[in-house]
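J.: Shown below is the structure under consideration.
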Amino acid sequence: MIAALFALVYLYLLGYAFLIFIQFKDNFPVNFALAGLTGMGLTTILMFVLEVIGFAISPLNMILVGMLVIVLFLYRDLRRKNFSHWQNYVKIRLDWRNWNSMELSIMLVVAFLWLASFVKNMYWPVQAYDSVAGYDLMAKVISVEQTLNVSLHRFKLAGARGIYPPQIEGIFAFFYLMGSPSAKIVNSLFFLSLILLFYNICKKWTTGTAAAFFTLLLVMTPEMWAHGSLSLTNLPAATFGAGGVLFLYLWWKEQQSVHLVLSGLCLGLNTWTRSDGVAFNLAAAIVLFFIVMHKRHFLPWLYHSLLSFLPFVLWQIYLKIAIHAESTERFRHELFWDPKLLNTIFNYLKVLFFNTSLYGVVFYIFIALFLINIRYFKQNWPLLLYLFLSFIFYTIIYYQLNPEVQDSIHTMMRTSYKRAIFYYIPVVLLYSALSPQTLRFFNWVEVKYQRAILGRS
Amino acid sequence: MLFTFLGIYLLIVGVNGYKFLWTRYVFSNLEVIRKYPYLSYDEKMRIKLHRDYDFVMYVKRNTPDSAVIVMPPLSVKSIFRKNNGARSKLWDEYFLYPRKLVYADEKNNPLLEKGTHIMIMNTWGYDYLEKKYGIKYTRRDPYTVLPIKVEKR
């Protein structure tokens, strides 16, 4: 318990120090969510750095290098003795005037659902196959052998999940290194961060009730809720991916460069979690390119792309040089035309996207709202373009899979693509929440509600 | 507030997926946790992983940390699950590390020649022992783990 607490304090200190360093400031929930995400991301990056420069990933080394990085992040403020603004990062300001009882009741249900997921997560030990035979196995061995290049690779005991980027196995290993018997809290933190980021960023441009309602749809997505208590990579990758898009949208609206840094970092950490997430980064890079093209100012695009693709490139190099494995072996490198395969993929997609047992009514609502708002489609075009491009790129990955190395396309669609749909859900819901007719509808609901309250009093 | 909860309730009962989420995932899990709050790690694992967990724990108790265990090929049928269970060497490795595991049909795996133990599943393994090492067992337990004793070693 104390060990897990220590690991959490370490992660959040690192995350908050980073937020202070890049001078990002928002309300408490956004700061907390981002401190968690960046803290977890930076911790595994530090592990990777230790590994590359030849140091053991030991608890002592992790603590020392973590402290060093925290001091470096805070150096500017420490030198000027300017600490007073630090409290703003953790100050909770609850202004009940910004809430109405509809929003509050929906958020109570959201809180209950997260709490139920957290309790379930903490109660059951790791038992999902992908985690037992993959991420948690790797994490336990990393913590014992204190290296990312564990002996399992040499004995063909690492499996396909052994060559996944080190974000999830690394952060689990960090908890084990610090002496915690379990690392299951990690996925609950990712789920919480996703909820907090989505709700608070959504609320910036829509009514509180609309933000709460779409957050409820996000949390209540059955497959997503289930993953909130499984030690797998899909929800964390989708959280980073969603963070990347949310901050890209925020930058598009507000033009603050710190949002672009956060977007790039989140997308980078997305490919630091799952290499197939590169399809989403590519889509984001193209969207950003179209945004900056009008102004002919490409510097933001360059540093955003650098941040978002560097982790992917670094991991591929590491795989090739240190582990002597390549994740690209799983793909056919030549272009080909196979209408039968394409047909199979699209048949699965139809079944998956519109399966209410998996994703509730999320995609039905999106299509309905897209059609209702069709004449305003230019209003949030970056989100639509991102959805379209990421869908194409990600589907191409499955089209190019090498059936001789991978499982059959049927298995891959049923098990793997099914979970990748998590990437689309926050973006689809953000688009739905911010569409003009949704805004009009929720404004109308809130006005009616206010009148009913006033009439009663 | 009441109307909001009513709206959420209608959404839940109107969509199968949400109904399933609340009844099967949320409430049934909370009910189990409420009923059995103090189950041990082993008891929880047994509930989720059934006899696969018992078997792998039996193997763990009966082999040293340095063991290299030869496992039946995946084609061998047994009472255990193929993927999420004791028939998968990756799954077993989670519980048996630092022991090493190798399938008997992994011809190119150097671990195969270093095997110190053999995992018997559905009586598979006795013929393998006899054919490869000339070891004959009269008692043939269908599920167990046995040492491979080679004279040269």
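J.: Could you pull the Rg and Dmax for the protein assembly as shown, using just the Cα atoms, both in Å?
T.: Final numbers for Rg and Dmax: 25.8, 95 Å.
J.: OK, next. Which helices, counted as full DSSP H runs in chain A, have an axial Cα extent of no less than 20 Å and a Kyte-Doolittle average of 1.0 or above?
T.: Those that clear 20 Å and a mean of 1.0 are A:2-21, A:28-52, A:59-80, A:101-123, A:185-202, A:257-271, A:278-293, A:299-318, A:381-399.
J.: Normalise the Cα radius of gyration of region B:89-153 by 2.2 N^0.38 Å (N = residues in it) and let me know the number. Show your work: numbers first, answer last.
T.: Values: Rg = 12.0 Å, N = 65, 2.2 N^0.38 = 10.7 Å.
Cα Rg divided by the expected 2.2 N^0.38 Å: 1.12.
J.: Within region A:64-138, report the trypsin sites (Lys or Arg not before Pro) that DSSP leaves as loop and that have at most 11 other Cβ atoms within 10 Å.
T.: Sparse-neighbourhood loop trypsin sites (Lys or Arg not before Pro): A:Lys81, A:Lys91, A:Arg93.
J.: Give me a single rounded figure for B:85-98: the average over its residues of other chain Cβ atoms within 10 Å of their Cβ.
T.: 5
J.: On to the next question. Can you work out the PRE-style zone for A:Arg332? Point 7 Å along Cα to Cβ, and I want the residues of region A:385-422 with backbone N under 11 Å.
T.: A:399-404
J.: Between B:Val32 and B:Thr138, what length comes free when the chain is fully extended (0.36 nm per residue of separation minus the Cα-Cα distance, one decimal in nm)?
T.: Extra length available between B:Val32 and B:Thr138 comes to 33.7 nm.
J.: Could you give the nm distance between label points at B:Leu112 and A:Leu341, where each point is 7 Å from its Cα heading toward the beta carbon?
T.: Roughly 3.0 nm, to one decimal.
J.: Per residue of A:420-432, count partner chain C-beta atoms within 10 Å of its C-beta, then hand back the mean as an integer. Show your work: numbers first, answer last.
T.: Values: counts 0, 0, 0, 0, 0, 0, 0, 0, 0, 0, 0, 0, 0.
That works out to 0 on average.
J.: Calculated FRET efficiency, A:Phe28 and A:Phe83, Cβ-Cβ r, R0 22 Å, to nearest 0.05?
T.: Efficiency, rounded to the nearest 0.05: 0.75.
J.: What is the average number of partner chain Cβ atoms found within 10 Å of a Cβ in A:125-137?
T.: Values: counts 6, 3, 8, 2, 9, 2, 1, 10, 9, 3, 0, 1, 7.
What the average comes to for A:125-137 is 5.
J.: Related question: For the residues A:Phe247, A:Phe336, A:Phe213, what sequence is obtained by ranking on other C-beta atoms within 10 Å, fewest first?
T.: Ranked by crowding around the Cβ, least crowded first: A:Phe336, A:Phe247, A:Phe213.
J.: So for the pair B:Ser75, B:Ser40, with labels modelled 7 Å out along Cα→Cβ, what separation do we get in nm?
T.: Taking the two extended label points, one gets 4.1 nm.
J.: I'd like the distance between the alpha-carbon centres of region A:26-62 and region B:38-71, rounded to an integer number of Å.
T.: 33 Å
J.: Taking the alpha-carbon centroid of each part, what is the distance from region A:267-317 to region A:357-426 in angstrom?
T.: 19 Å
J.: Given DSSP loops and a limit of at most 12 other Cβ atoms within 10 Å, what is the longest stretch of chain A that contains no such GluC sites (Glu not before Pro)?
T.: Details: sites that count: A:Glu326, A:Glu334, A:Glu404.
Here the longest segment lacking exposed loop sites spans A:1-325.
J.: Now, a different point. Per residue of region A:410-416, in order, report the coupling 6.51 cos²θ - 1.76 cosθ + 1.60 (Karplus, θ = phi - 60°) as ³J(HN,Hα) in whole Hz, putting x for Gly and Pro.
T.: With the stated coefficients, region A:410-416 comes to 4, 5, 5, 5, 5, 9, 8 Hz.
J.: Stretch A:Gln437-A:Trp381 to full length: gain in nm at 0.36 nm per residue minus the Cα-Cα span?
T.: That works out to 18.6 nm of additional length.
J.: Counting each DSSP H run of 4 or more residues in chain A as -39500 (n - 2.57), what helix-only mean residue ellipticity at 222 nm follows after dividing by all residues, to the nearest 500 deg cm²/dmol?
T.: Calculated mean residue ellipticity at 222 nm is -22000 deg cm²/dmol.
J.: Tell me, A:Phe331, B:Phe3 in order of fewest to most beta-carbon neighbours within 10 Å?
T.: Fewest to most other Cβ atoms nearby, the residues stand as B:Phe3, A:Phe331.
J.: Rank the residues A:Phe83, A:Phe312, A:Phe155 as a footprinting-exposure proxy: fewest other Cβ atoms within 10 Å of their Cβ go first.
T.: Values: A:Phe83 11, A:Phe312 21, A:Phe155 18.
In increasing order of surrounding Cβ atoms, one gets A:Phe83, A:Phe155, A:Phe312.
J.: Treating cross-link reach as a plain straight distance, find the lysines whose alpha-carbon is under 17 Å from the alpha-carbon of A:Lys156, omitting any fewer than eight places away in the same chain.
T.: Within reach: A:Lys140, A:Lys320, B:Lys89, B:Lys100, B:Lys107, B:Lys114.
J.: Are there trypsin sites (Lys or Arg not before Pro) in region B:42-147 that DSSP marks as loop and that have at most 14 other Cβ atoms within 10 Å, and which are they? Spell out each step's value before the answer.
T.: Numbers: sites: B:Lys44, B:Arg46, B:Lys48, B:Arg51, B:Lys60, B:Arg61, B:Lys77, B:Arg81, B:Lys82, B:Arg87, B:Lys89, B:Arg99, B:Lys100, B:Lys107, B:Lys114, B:Lys131, B:Lys132, B:Lys136, B:Arg139, B:Arg140; in loops: B:Lys77, B:Arg81, B:Lys82, B:Arg87, B:Arg99, B:Lys107, B:Lys136, B:Arg139, B:Arg140.
Here the sparse-neighbourhood loop sites are B:Lys77, B:Lys82, B:Lys107, B:Lys136, B:Arg139, B:Arg140.
J.: Provide the percentage of antiparallel DSSP beta bridges, counting only those with both residues in the protein assembly as shown; round to the nearest 5.
T.: Of the beta bridges lying entirely in the protein assembly as shown, close to 50 percent run antiparallel.
J.: Please give the FRET efficiency for A:Phe290 paired with B:Thr123, using the beta carbon to beta carbon distance and R0 = 60 Å, rounded to the nearest 0.05.
T.: 0.40
J.: Which stretch or stretches of region B:76-116 have amide N atoms under 14 Å from the point lying 7 Å from B:Arg51's Cα along the Cα→Cβ direction?
T.: Counting backbone N atoms under 14 Å from the label point, the list is B:77-82, B:86-87.
J.: In nm, what is the difference between 0.36 nm times the number of residues separating A:Ile374 and A:Phe388 and their Cα-Cα distance? Walk me through the numbers before you get to the answer.
T.: Values: separation 14, 0.36 × 14 = 5.04 nm, distance 1.52 nm.
Using 0.36 nm per residue and subtracting the Cα-Cα distance, I get 3.5 nm.
Read the figures in this text as sums done on the coordinates, not as results from a lab. Keep in mind the model is a prediction, meaning the values are calculated, not measured. Using ideal geometry, Cβ is built from the backbone for each residue, glycine included, and neighbour counts are taken over all protein chains shown.
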